[in-house]
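Some notes on the structure that comes next.
The values are calculated or read from the model by the stated rules, or taken from the named source; none is laboratory data. All figures in this text were calculated on a predicted structure; none of them were measured in a lab. All Cβ positions, glycine included, derive from the backbone under ideal geometry; neighbour counts span all protein chains shown. In case anyone asks, the SASA skips ligands and DNA or RNA and just uses the protein heavy atoms, side chains included. Shrake-Rupley method; radii C 1.70, N 1.55, O 1.52, S 1.80 Å.
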Amino acid sequence: RENLKTIVSHVESMRALDALVFPELSLSGFHRNIKQESEPQTIRHAIQALGKLAFDYKTTLFIGAPLTEGERIFNSYLCIDVNGDVVAQWNKVGLTESETKFFARGERRELLNLAQSSITSVICREVDDIEWFLSEVQEQASLILWPSYIGQQSQEQQTQGYYERASLIAKEAGAFVVQCNWPHALNDPNLRGMGGSHIYDDSGKCIYTMH
């Protein structure tokens, strides 16, 4: 609920923009209270509220949320279009070990044709599996969204590896990669220094970093 209020506040303050990109699991976070925050009715009402907002402001929203389908819960990334409709749902395939204890694994990575762009997502550490991702998009994407929760400092070797792989994905796919990273640790908001969010052009060059 707190996350929804924050998202609504950002949407309202930036309503002049055509689209807004939010991080992985932006509606719930991924922390000790994930089960409680993933309650299906709560998530459904939040998505409905964001759909109304998207419609009112004619802003496309990209949102991370835990979605329940039958007995399974997916770490999903959604596109809500200017009509307020969910027009894409990408379920995370490359789950971390801790995520597999709660989330079901997704299967495919489809493309969304929207506003003369071909859009898809690579969710957080899925950038580790470049071969899989490139085989899914088949050089058809023009925009790849990278919602993430990368918690190490940017100078550490492992984090540098994520950025290097995101750059390679942009270059090999011939697409822009736009990252939206969490600004702080989810179990302790006082822990910051997440490395920021990066934008790569279709040559793989990092053209902008947001902190």
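Some notes on this structure:
- Scope the range 72-99; condition closer than 17 Å to Lys35 by Cα and open to solvent by less than 30 Å² (accessible area, probe 1.4 Å); matching residues: Phe74, Asn75, Ser76, Leu95, Glu99
- From Phe102, Phe62, residue being in contact (Cβ under 8 Å) with a residue 24 or more places away in the chain, open to solvent by 30 Å² or more (accessible area, probe 1.4 Å), closer than 21 Å to Arg1 by Cα and not hydroxyl-bearing (Ser, Thr, Tyr): Phe102
- Residue in the range 105-144 that is modelled with the highest pLDDT, counting only those that are among the basic types (Lys, Arg) and crowded, with 18+ Cβ neighbours inside 10 Å: Arg109
- Pro23 vs. criteria open to solvent by less than 20 Å² (accessible area, probe 1.4 Å), touching a strand residue (DSSP E or B) at 6+ places or on another chain (Cβ under 9 Å), under 22 Å from Val178 (Cα atoms) and part of a strand (DSSP E or B): no
- Within the range 26-59, the set of residues being in a loop (DSSP other than H, G, I, E, B), over 19 Å from Ala88 (Cβ atoms) and open to solvent by 20 Å² or more (accessible area, probe 1.4 Å) comprises Phe30, His31, Arg32, Asn33, Glu39.
- Some residue of the range 145-155 being modelled with pLDDT of 90 or more and open to solvent by 10 Å² or more (accessible area, probe 1.4 Å): no
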